[in-house]
């Protein structure tokens with residue numbers, strides 16, 4: 001009975017038009033579109049981290065002119081809160097927000113304008129070194145999350161536009 005239900009579910013899912021986002025793997029249409037995105041420079045340490053992660057995930061081919069350009073603006077902010085009686089902060093919140101635009105390289109048309117972001121909590125401890133290390137670790141993790149959000153949105157956009165052709 002269970003096998004029959006699974007078989008019926010497979011037919012229903014295939015009939016509704018769902019298909020894998022990265023169908024065809026690295027040779028698929030979406031992966032090819034993502035490889036044709038050139039990531040512009042992003043200032044600052046957070047920009048360097050996010051840009052490198054985007055380049056890794058998009059798989060820039062570098063073999064010829066890019067069809068698209070990705071412009072990213074970051075807002076990296078640390079806010080202290082959780083005050084003790086002596087008015088010293090006990091926690092920080094690190095927030096990394098990105099506004100990004102996918103631009104057609106041939107004519108400069110903005111094809112996609114969106115945002116991504118995440119935040120992390122950091123405990124302030126008596127060791128300044130430990131606090132700085134925690135802030136850096138949070139930035140690295142936030143860079144991963146933001147880059148993943150951007151690439152996922154670009155992949156959905158690429159899937160919609162390549163299947164519409």
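Here is how the numbers come out for the structure above:
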quantity	calculated
Subset of the stretch 32-55 (residues that are part of a helix (DSSP H, G or I), in contact with a strand residue (DSSP E or B) (Cβ under 6 Å, 6 or more places away or on another chain) and farther than 13 Å from residue 142 by Cβ)	51, 54, 55
Residue in the stretch 104-121 that is modelled with the highest pLDDT, counting only those that are within 23 Å of the chain's Cα centre (by Cα) and outside any strand (DSSP E or B)	109
Answer residue from the stretch 132-154, given it is touching a strand residue (DSSP E or B) at 6+ places or on another chain (Cβ under 8 Å) and over 23 Å from residue 59 (Cβ atoms) and is surrounded by the most Cβ atoms within 10 Å (Cβ to Cβ) among those	138
Hey, residue 26 modelled with pLDDT of 85 or more and under 20 Å from the mean Cα position of the chain (by Cα) or not	no
Residues located in the stretch 60-73, provided they are touching a strand residue (DSSP E or B) at 6+ places or on another chain (Cβ under 9 Å) and free of Cβ contacts under 8 Å to residues at least 60 places away in the same chain	60, 62, 65, 66, 67, 68, 69, 71, 73
Test set (1) under 28 Å from residue 160 (Cα atoms); (2) surrounded by 16 or more Cβ atoms within 10 Å (Cβ to Cβ); (3) over 22 Å from the mean Cα position of the chain (by Cα) - residue 124 fails condition number	(1)
Residue, nearest to residue 48 (Cα to Cα), within the stretch 123-152, restricted to residues that are touching a helix residue (DSSP H, G or I) at 6+ places or on another chain (Cβ under 7 Å) and assigned to a loop (DSSP other than H, G, I, E, B)	124
Test: residue 79 is over 22 Å from the mean Cα position of the chain (by Cα), part of a strand (DSSP E or B), without any contact (Cβ under 8 Å) to a residue 24 or more places away in the chain and loosely packed, with under 13 Cβ neighbours inside 10 Å	yes
For residue 7: the one exception among (1) outside any strand (DSSP E or B); (2) within 26 Å of residue 143 (Cα to Cα); (3) modelled with pLDDT under 95	(2)
One residue from 129, 157, 100 being modelled with pLDDT under 95, within 21 Å of residue 39 (Cα to Cα) and either touching a strand residue (DSSP E or B) at 6+ places or on another chain (Cβ under 9 Å) or loosely packed, with under 15 Cβ neighbours inside 10 Å (or both)	157
Residue within the stretch 83-103 that is more than 19 Å from the chain's Cα centre (by Cα), under 24 Å from residue 152 (Cβ atoms) and assigned to a loop (DSSP other than H, G, I, E, B) present	no
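The values are calculated or read from the model by the stated rules, or taken from the named source; none is laboratory data. All values derive from a computational prediction rather than experimental measurement. Ideal geometry is used to build each Cβ from the backbone, glycine not excepted, and the neighbour counts take in all protein chains shown.
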